[in-house]
Amino acid sequence: MNKKQLAQAMARKLESSEAKTKPQLDDILQQLHKALSEGEKIYLPQFGTFELRYHLPKTGRNPRTGEAIEIDGYNQPSFKPAPALNQLLNN
């Protein structure tokens, strides 16, 4: 499912037009982006948790030269499904 299909499904569920639900979906996604960029954890009951995980800097190798290089640390968004979602998907 992509964003357009999600907006269409929301419109059907809410008995509204896609033109009205798309801005609402955009607002939801914007709030998720903002919260993650500020380092907040987003918990949605019965669905799961979105959060940033920091990966420490490490030493790697240039595959062409074999030279050791330093790889900077970085934040990676992650999602942990709620137990209810896991149970729904595995039954």
- Calculate how steeply helix 18-37 sits against the longest principal axis of the alpha-carbon atoms of the chain, using the helix alpha-carbon long axis, and give the answer as 0 to 90 degrees to the nearest 10. 30 degrees
- List the relative contact order of the chain as a percent without decimals, with contacts defined as Cα pairs under 8 Å and 6+ residues apart. 20 percent
- Which of the trypsin sites (Lys or Arg not before Pro) across the range 14-81 are loop residues per DSSP, with 11 or fewer other Cβ within 10 Å? K41, R64
- Item | Most positive-pole-ward Cα, L36, A11, L88, against dipole of the range 10-91 from beta carbon charges | L88
- Task: May I have the count of lysine pairs in the chain with C-alpha atoms under 21 Å apart, counting pairs 8 or more residues apart or located on different chains?
- Result: 12
- Compute the accessible area per residue over the chain, keeping the other protein chains in place, probe 1.4 Å, unit Å². 83 Å²
- Message: Take K13 and T65, extend 7 Å from each Cα along the Cα→Cβ direction, and tell me the distance between the two endpoints in nm.
- Response: 5.3 nm
- Where GluC sites (Glu not before Pro) fall in DSSP loop in the range 17-91, at most 15 other Cβ within 10 Å: E38, E40, E67
- Sum of side-chain charges, L32 neighbourhood, beta-carbon under 12 Å (Lys, Arg +1; Asp, Glu -1): -3
- Message: Under the 0.36 nm per residue contour assumption, what length would be gained going from the current alpha-carbon distance of K3 and Q30 to full extension?
- Response: 8.4 nm
- A 1.4 Å probe over the protein heavy atoms gives the range 1-44 a carbon and sulfur accessible-area percentage of 54 percent
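The values are calculated or read from the model by the stated rules, or taken from the named source; none is laboratory data. These numbers were taken from a predicted model, which means no experiment stands behind them. Quick reminder, even Gly has a Cβ in these numbers, built from the backbone with ideal geometry, and neighbours come from all protein chains shown. Please note that ligands, DNA and RNA were not included when accessible areas were found on the heavy atoms of the full protein model with its side chains. Shrake-Rupley method; radii C 1.70, N 1.55, O 1.52, S 1.80 Å.
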